[in-house]
Structure formats: structure tokens, C-alpha cells
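Inspection log for the structure reproduced underneath, given as C-alpha cells.
The values are calculated or read from the model by the stated rules, or taken from the named source; none is laboratory data. Everything numeric in this text was worked out from a predicted model, so none of it was measured. Positions of Cβ are backbone-derived with ideal geometry, glycine not excepted, and every protein chain shown enters the neighbour counts. Heads up: the accessible areas ignore ligands, DNA and RNA and are worked out on the full protein's heavy atoms, side chains in. Shrake-Rupley method; radii C 1.70, N 1.55, O 1.52, S 1.80 Å.
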Amino acid sequence: MDTIITRFPPSPTGYLHVGGARTALFNWLYARHTGGKFVLRIEDTDVQRSTQASADAIFEALEWLGIDWDDGPYFQSRRFPVYEEYIQKIIDSGNAYYCSCSAEKLEAMRAEAAAAGRNPKYDGTCRDKGLSKGENTVVRFKAPFMGTTVIEDVVKGSIVFQNSELDDFIIQRSDGLPIYNLAVVVDDITMGINTVIRGDDHVSNTPKQILLYKALGHPLPTFGHVPMVLGNDRTRLSKRHGATSVTAYRDMGYLPEAMINYLVRLGWSYGDQEFFTREELIEKFSLENIGKSAGVFDMEKLQALNGDHIKAAPPAKLVSSLIPFLKAEGYDIRDTAYIEAVIKTLNIRSKTLKEMAADARFYFEDTVVYEEEAAKKFLKAASLDPLKALIKELESLGEFSEKALEDAFKKVMEQTNLKLGKIAQPVRVALTGKTASPGIFEIIEIIGRERVLSRIRKAMEFIERRKENA
RNA sequence: GUCCCCAUCGUCUAGCCCGGUCCAGGACACCGGCCUUUCACGCCGGCAACAGGGGUUCAAAUCCCCUUGGGGACGCCA
């Protein structure tokens, strides 16, 4: 079998959105799975709307996702002579002609067709005029009137189009620039692309492209049209459904592994398996298991999966990913061993890195702000004695290990005749300001003796003050 | 409007190609319970779907047709 060569051809008119990322992923995965090649191509023939900033944003997003390319990035804007050459070939072989119909005339034709309920088609005015290149001429492809054009689609099966539905579409604009369908075919041919996996919004372009391949005498690539990604209202995903930019998810604290896992699973399946590492995805991905129906982008499931990937990642490997979020919260991020210890206590309860950083506040800020409810419930006079007893124990405790701390708490329990919960909760509030946190012993061990003692004393002062004011 | 595609729990999906093992399985979310120093994790249990109608067949989620619903494409955009 020939080497599989796939490609991802975004147009640089904005950021990389999740639908595009999924298409890129499918192509990349298929190339990696088969040991083939993955080509990146920037489709910027629309000079008006294309920007370098968008291209850079797309590269950045792909890199974050861990999608690397073997060839490119190619820019169509630097390949105009190639298109020119191929357009000439098509004209020379009698498969295309110059047309001088004005844009206004075409617009009028479309309006008329729409009013009559017909599919708008070019009427072929210039088809047999034998015009030569002129000031305002475009080049049109000579499409067949009869017969059918069939897409043998690896995900959807055979799709049949009546050629009578097609018209003489433009392949070169009056300014000499190529039209999308032409540029795509020429690029895919010259770049050796033999597998085209793309969104199914492209199926109606495909018969035109097939005709172009035939006119050029080139064998067809394998086509696979994957269903769209929809928003929660089942319409095409767009900004009004929330974040659609891949990098927005990075900034919200999602892991690239979770993102690709989620995106690939949306529209592809491997039995009942939900969690995949990057390596598993490469190993198990196949075109056959791509589904036929459109899927709704579900943030909640993405978030759950992100939680799973956070849990599965070795804490040490999460340190560098978490640091930007810690920094954003304004914490001191110099001690990576400390951060790793913090992650060990937070990873099972965080759905995103952003959430983890927010929940890590008490590890980095010595001024504890008590949540009102928490203070009301646990920082009261009855807590004074156990806290006092605990301070005594902690002051004399040799090492702050989990085991030693547990013993210290047991002693306090005996002295005060209280259950652990009665002691642990006030301490938790004293240390974190909240009633929910990682295990009390691990927190104490990480925060360290001095800071723990000072926070407990502050809590006692707080209780005294409240008593006076009461 | 024309053409094309799609149709299993609220959502992602397995099963469909090669009908019986499916009074339909998993996951997310949700609701109970267990564990427990809190929260979470984990574990156990629950809720919840074959769009509708016709065929074919001893038998249909699975095959065929129609209807309905949804999506996409109809540019000198990509």
C-alpha cells in the first residue's frame, strides 16, 4: 500500500476553532496511525480576509494540541504560478473557457432562479463563444450536462450527484487568482495528497473537484467527509454557543490531552472506551469507526474528561502547566517541589487547572479569609479548647508527617473527648477559610509548622473578638 | 426553494454492514447509598433511548420504502 498522505488546509481568517481542530486531528491521527505523512497548508487565496496573525494563531493552537506536521506550512498565496499553469492545461485540453459575463448579470440570474425555485446555475452564455483572455474575463470549467458524478466516501458510502445539477463553475477570477476548488485540487495533486478527510460541509464541492481531477487526468484521492460539530441547539457551532477557539480552552485550564481525547471521541469511537492517551489514539484510530451523524459539543463532558486527565497525569508533569495559572492568581511560583506537593492534594478534585490554581489559594496566601458560613459554623467558642490543645501538641511534635499528625490529633481527641470531625473542621477553617479542602493532615504537612500555628492562633483571636462583639 | 447528508437515553456513543445472544450496553449530567476529618475520589444502585408509519421475515434497533425532524451546500469565500 502507498504511504498515506493527509493534510489540514485551514484558511487564515480567524483562530482555530474546535471543529477545525477535530478535522486536523483526524488527518494527523490517520497519518500517524499508518506511518504516513501529514501536510499543513494555509489556504490564503482570499487576500482580503487572510491575515498572518490568524495563521500564527492556528500554528500556536496546533502546537499546543501536539499536532505536528511533516511538510509545510505551504501558503497558497505563494503558489499562484502553479495554479496558472494548471488552469492553462485545463483550457488547452478544452475543459475550460473564458467568460465575460459581469458579476451583476450573474447576480440577476441567481435572483431569477431563486424566485422560480430552481437551483441557481450559470446559463452557459460564453461556453461556446471561444472568447480569449480579456480585461474582465474569468475562466469557467466546462461541466458535463449528463451523467452522474459519484463520491466513494469512506465514512458516508457512495454519494451520487446528477451532473445536471452542476454548472460551469469559475476556476479563475478576473483578477487572475484561482478559486478554492481549483487551488485545492492542484495543491492536493502536486503535494501528493491521497487521503482527504474534511468536514461534510465540503461534500457539495467534491463533485466539482472530482471533475477537475478527471480533466487533469489524475487519480482521485480517498475522500472521507466527517459530520459537523454542532452547538447545544443543534445548529452549526459558533461563538454564541460559547468558546469555540481551541486556545480559549487552553486558557481556561484544559489539558491538550483531554482536548484531543474529547474531540476525537466526538464522532469517532472505539467500543465503549472513553479515556485515551495520545499514544492510544494513534494506535487505535481508524477511518472505519468515524460516525455518520453530527455531534453536539458538550462542555460538561469535556470537563469531566479533563478531570480524568488531570487525575491520570503524574503531578510532576503538571507543574509547568499549572504555573501560568498560579502566576495569574499572583502566587509565588519559585518552589516547584512545593507546587508538586500542592498538586498531589488537589489533582483529584480539580476539573481544570484554573480551578486548581484558585483552590490552591491557602497554600500560597498567609492571610486566610474566612467564608462567612464556615466561620459561623466552626469558629466559635467551643472550638477554643481543642485548638489550644492542638497548638500545644503541634509545638512539641517532632516531625510533621501524616502519621505523627494523626497521633497528635488523637491526643487532642482524648484530652477534649471530642470526635475528630469536631476538631478537624475548625482547624480546616483556620487554615483554609473554607469547610471543604484536601485532607487536614496533608495540608498541615505542606503548609508547615510555623504557618499552621500562626493561622490557628489567628483563628482563636478571631473567635475571641467575635465573643466580645456578641 | 433545489441538491446532498443524517436519525439509539438530555448529550457523546456501542450494537446496525453479516436480522435472533438487546424487554438495547458504556460514558457525561442528574438522583440515591456506601466509604469518610470536610470536599472530592472510589465503589454500589437508580432515572433515561431504537423519531413515526408501512413492508420483507418464523423473527427487525438491525434490511427496504414513505413521512417527519434535523443538518449542510447552493459566491469572481474557503
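Can you give me the number of residues within segment A:424-453 that are buried (at least 16 other Cβ atoms within 10 Å of the Cβ) and without any contact (Cβ under 8 Å) to a residue 40 or more places away in the chain?
Residues that pass the stated criteria total 3.
Does A:Ile5 satisfy the criteria of being within 15 Å of A:Ala183 (Cα to Cα) and modelled with pLDDT of 95 or more?
No: the conditions fail for A:Ile5.
Among the residues of segment A:1-18 satisfying the criterion of being among the hydroxyl-bearing types (Ser, Thr, Tyr) and closer than 18 Å to A:Asp56 by Cα, which is farthest from RNA strand B (Cβ to nearest atom)?
Across segment A:1-18, the extreme among qualifying residues is A:Tyr15.
Among the helices (runs of 4 or more DSSP H) confined wholly to segment A:407-470, which include 2 or more residues that are in the same structural domain as A:Ile339 (by TED's automatic domain parsing) and away from RNA strand B (no atom under 16 Å from the Cβ)?
Passing ranges, in order: A:449-469.
Given the conditions (1) in contact (Cβ under 8 Å) with a residue 40 or more places away in the chain; (2) in contact with a Phe, Trp or Tyr (Cβ under 9 Å, 6 or more places away or on another chain); (3) among the hydrophobic types (A, V, I, L, M, F, W, C), report the number of the one that A:Ile456 does not fulfil.
(2)
Look through A:Arg265, A:Arg236, A:Arg240 and report the one residue that is more than 20 Å from A:Ser158 (Cα to Cα), modelled with pLDDT under 95, outside the structural domain of A:Gln88 (by TED's automatic domain parsing) and near RNA strand B (Cβ under 8 Å from one of its atoms).
Result: A:Arg236 is the single residue among A:Arg265, A:Arg236, A:Arg240 that is more than 20 Å from A:Ser158 (Cα to Cα), modelled with pLDDT under 95, outside the structural domain of A:Gln88 (by TED's automatic domain parsing) and near RNA strand B (Cβ under 8 Å from one of its atoms).
Quickly run through segment A:171-183 and pick out the residues that are near RNA strand B (Cβ under 8 Å from one of its atoms) and either in a helix (DSSP H, G or I) or within 30 Å of the chain's Cα centre (by Cα) (or both).
A:Ile179, A:Tyr180, A:Asn181, A:Ala183
Tell me which of these A:Gln273 doesn't satisfy, since it passes every other one: (1) in contact (Cβ under 8 Å) with a residue 40 or more places away in the chain; (2) assigned by TED's automatic domain parsing to the domain that holds A:Arg240; (3) of a type outside the set (Val, Ile, Thr).
In the conditions (1) in contact (Cβ under 8 Å) with a residue 40 or more places away in the chain; (2) assigned by TED's automatic domain parsing to the domain that holds A:Arg240; (3) of a type outside the set (Val, Ile, Thr), A:Gln273 misses (1) alone.
Specify the residue that is most open to solvent (accessible area, probe 1.4 Å); the eligible residues are those in segment A:27-58 that are part of a helix (DSSP H, G or I) and either in contact with a Pro (Cβ under 9 Å, 6 or more places away or on another chain) or not assigned by TED's automatic domain parsing to the domain that holds A:Tyr15 (or both).
Applying the filter and picking the extreme gives A:Gln52.
For segment A:117-138, which positions are more than 8 Å from RNA strand B (Cβ to nearest atom) and over 17 Å from A:Leu211 (Cβ atoms)?
Across segment A:117-138, the qualifying residues are A:Asp123, A:Thr125, A:Cys126, A:Asp128, A:Lys129, A:Gly130, A:Leu131, A:Ser132, A:Lys133, A:Gly134, A:Glu135.
Considering segment A:75-104 alone, what residues qualify as being within 12 Å of RNA strand B (Cβ to nearest atom) and hydroxyl-bearing (Ser, Thr, Tyr)?
Hits for segment A:75-104 are A:Ser77, A:Tyr83, A:Tyr98, A:Ser100, A:Ser102.
Name the residue that is least open to solvent (accessible area, probe 1.4 Å), counting only residues in segment A:247-278 that are in contact with a strand residue (DSSP E or B) (Cβ under 7 Å, 6 or more places away or on another chain) and at negative phi.
This residue is A:Trp268.
Does A:Val186 qualify as being within 12 Å of RNA strand B (Cβ to nearest atom) and outside the structural domain of A:Pro10 (by TED's automatic domain parsing)?
Considered against the rule, which asks whether it is within 12 Å of RNA strand B (Cβ to nearest atom) and outside the structural domain of A:Pro10 (by TED's automatic domain parsing), A:Val186 comes out as no.
Consider segment A:199-243. How many of its residues are open to solvent by 10 Å² or more (accessible area, probe 1.4 Å), of a type outside the set (Gly, Ala, Ser) and closer than 23 Å to A:Ile58 by Cα?
Here the count works out to 11.
Give the number of residues within segment A:208-230 that are farther than 20 Å from A:Ser269 by Cα and within 9 Å of RNA strand B (Cβ to nearest atom).
Residues that pass the stated criteria total 1.
Here is a check on your reading of the model: is A:Glu107 free of Cβ contacts under 8 Å to residues at least 40 places away in the same chain, part of a helix (DSSP H, G or I) and more than 9 Å from RNA strand B (Cβ to nearest atom)?
Answer is no for this residue.
Would you mind telling me which numbered condition in (1) more than 9 Å from RNA strand B (Cβ to nearest atom); (2) of a type in the set (A, V, I, L, M); (3) in contact with a helix residue (DSSP H, G or I) (Cβ under 9 Å, 6 or more places away or on another chain); (4) open to solvent by 10 Å² or more (accessible area, probe 1.4 Å) A:Met191 fails?
(3)
Determine which single condition A:Ala381 fails, assuming it passes every other condition in (1) in contact (Cβ under 8 Å) with a residue 40 or more places away in the chain; (2) open to solvent by less than 30 Å² (accessible area, probe 1.4 Å); (3) over 46 Å from the mean Cα position of the chain (by Cα).
(2)
List pairs: first residue in segment A:137-166 and among the basic types (Lys, Arg) and open to solvent by 50 Å² or more (accessible area, probe 1.4 Å), second residue more than 8 Å from RNA strand B (Cβ to nearest atom) and not in a strand (DSSP E or B) anywhere in the structure, Cβ distance under 7 angstrom, at least six positions apart or on different chains.
Listed by first residue and then by second, the contacts come to A:Lys142/A:Asn95; A:Lys142/A:Arg127; A:Lys142/A:Asp168.
Please tell me if A:Arg127 is open to solvent by 60 Å² or more (accessible area, probe 1.4 Å) and either in the same structural domain as A:Gln209 (by TED's automatic domain parsing) or over 41 Å from the mean Cα position of the chain (by Cα) (or both).
Against the criterion (open to solvent by 60 Å² or more (accessible area, probe 1.4 Å) and either in the same structural domain as A:Gln209 (by TED's automatic domain parsing) or over 41 Å from the mean Cα position of the chain (by Cα) (or both)), A:Arg127 does not qualify.
Being among the polar types (S, T, N, Q), farther than 26 Å from A:Leu177 by Cβ and modelled with pLDDT of 95 or more is true for just one of A:Thr23, A:Thr34. Which residue is that?
Selected residue: A:Thr34, the only one of A:Thr23, A:Thr34 that is among the polar types (S, T, N, Q), farther than 26 Å from A:Leu177 by Cβ and modelled with pLDDT of 95 or more.
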